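Novice: The structure follows.
The values are calculated or read from the model by the stated rules, or taken from the named source; none is laboratory data. These figures come from a predicted structure and were not determined experimentally. As a convention, Cβ positions derive from the backbone with ideal geometry for all residues, glycine included, and neighbour counts pool all protein chains shown.
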Amino acid sequence: MTDVVGASATGSGLARRRRRRLLRGAALAMGVLTLGAVGGGWALYDRLSDNITADEAAAAELARYERERPTALVRGAQNILVIGSDTRTGDGNRRYGRDSGTERSDTTILLHLAAGRRTATAVSLPRDLMVHVPGCLRRDGRRSAPSFTMFNSASAVGGSACTVRTVEKLTHLRIDHYAVVEFSGFKDVVDAVGGVQVCLPQPIDDKAAKLRLPAGRVTLDGERALGYVRARKSLGDGSDTDRMDRQQRFLGALVDKVQSGGVLLNPAKLYPLLVAATSALTTDPELASLRGLYQLVRGLRDIPTEHVQFLTVPREPYVYDSDRDQLVAGRAEALFALLRADRPVKVGEQGGGSGGKPGTSPPPAFRGNTAAEDSCE
């Protein structure tokens, strides 16, 4: 199995344009809202800020373990954990499986923003990765015992605080902020923009995702979009890597729709989108406001697109269960060490590298693939 799969910013021009639109579009949306507040829209600003749920319980749990959490090594660098939750609560979400009263992280991305915002590196963490999950506070008030289990179990056991602590123990990186997005929030955002068009090279019939689509250009509403980004068994090679690539392409298409539809500069269209987007988020208290989000996005907009890249943590089949993953120890540690030191991560199609100490020269290169362009004839 390929140890690292990434979408290098040195890849296709389409990938670079999508990333540029994503960063500029997010910054523009926040800028428009901020100008509206200055012009007398404080009530609207406050209402949208109030939509964002501040996870105070997780903040208290993380504070309890502050002394054992990693220390940031480079001033100005930031690590944000983005967690896609597969909770089945909400209208229509039970169709994706039985609601056991817990939630597991369906998609998790560690976003590293370099000091001075010169680079951004997004590292996907597979849900089936075998990791050490620390003892965490359960929702019933009891504490779990530490265990070696699948990564997405951390969220089921102890929510976002447990997921953050698991990632910190895995990477020895300090997580500065985190944001959780649930099924219903994702669907509402897609519906708020009137659906998103994708290009399908072949028909899709995925019973697990409750999804049937023809080949060619198809406009997906929120329900079908969720099935599309979550489908795995019937699309591509059936891997989580292929699914994560598809999620990134869909995000680019969503940004295209927002910009082409004139949403960002049209208050009548922008407001429903912002309501959906802010209602979808649960974040750490510091990030739980439009001001907090804007400060984050403002730094992103100045990063050169050739310095924005995506990859999956180095992993291989778990030695005791091929349906699970385990880290490729040397190469994973090399990646984490580069991020801790805020050094550039090199991603390329033919990346090799020995996985040795990242302080040596040249630094290890991580093998990846360029983002593929969709084509509909």
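Residue by residue, here is whether (1) in contact with a helix residue (DSSP H, G or I) (Cβ under 6 Å, 6 or more places away or on another chain); (2) buried (at least 21 other Cβ atoms within 10 Å of the Cβ); (3) hydrophobic (A, V, I, L, M, F, W, C) holds:
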residue: 120; (1), (2), (3): no, yes, yes
residue: 126; (1), (2), (3): yes, yes, no
residue: 163; (1), (2), (3): yes, yes, no
residue: 169; (1), (2), (3): no, no, no
residue: 176; (1), (2), (3): no, no, no
residue: 190; (1), (2), (3): yes, yes, yes
residue: 195; (1), (2), (3): no, no, no
residue: 200; (1), (2), (3): no, no, yes
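Novice: Now for a different question. Considering each of 238, 261 in turn, give the residue that is more than 29 Å from residue 207 (Cα to Cα), modelled with pLDDT under 75 and surrounded by fewer than 16 Cβ atoms within 10 Å (Cβ to Cβ).
Specialist: Working: 238 fails: more than 29 Å from residue 207 (Cα to Cα).
Unique residue meeting the criteria: 261.
Novice: Could you tell me whether any residue of region 132-151 is within 16 Å of the chain's Cα centre (by Cα) and either modelled with pLDDT under 95 or surrounded by 20 or more Cβ atoms within 10 Å (Cβ to Cβ) (or both)? Before the answer, list the steps.
Specialist: The initial filter retains those residues of region 132-151 that are within 16 Å of the chain's Cα centre (by Cα), namely 151.
Within this subset, residues satisfying the condition of being either modelled with pLDDT under 95 or surrounded by 20 or more Cβ atoms within 10 Å (Cβ to Cβ) (or both) are 151.
Yes, region 132-151 contains at least one residue that is within 16 Å of the chain's Cα centre (by Cα) and either modelled with pLDDT under 95 or surrounded by 20 or more Cβ atoms within 10 Å (Cβ to Cβ) (or both).
Novice: Quick one: residue 325 ticks every box in (1) in a helix (DSSP H, G or I); (2) in contact with a Lys or Arg (Cβ under 6 Å, 6 or more places away or on another chain) bar one, so which box is it?
Specialist: (1)
Novice: Inside region 124-229, counting only strands (runs of 3 or more DSSP E) that do not spill past its ends, which hold 3 or more residues that are of a type outside the set (A, V, I, L, M)? Spell out how you get there, then give the answer.
Specialist: Values: elements: 130-133, 147-150, 177-182, 196-200, 204-206, 211-213, 216-220.
The qualifying strands (runs of 3 or more DSSP E) are 147-150, 177-182, 216-220.
Novice: Give me a count of the residues in region 305-332 that are without any contact (Cβ under 8 Å) to a residue 40 or more places away in the chain and β-branched (Val, Ile, Thr).
Specialist: Matching residues across region 305-332 total 1.
Novice: Then there's this: Considering every residue within region 268-286, establish whether at least one is farther than 22 Å from residue 160 by Cα, surrounded by fewer than 16 Cβ atoms within 10 Å (Cβ to Cβ) and either of a type in the set (Gly, Ala, Ser) or touching a strand residue (DSSP E or B) at 6+ places or on another chain (Cβ under 8 Å) (or both).
Specialist: yes
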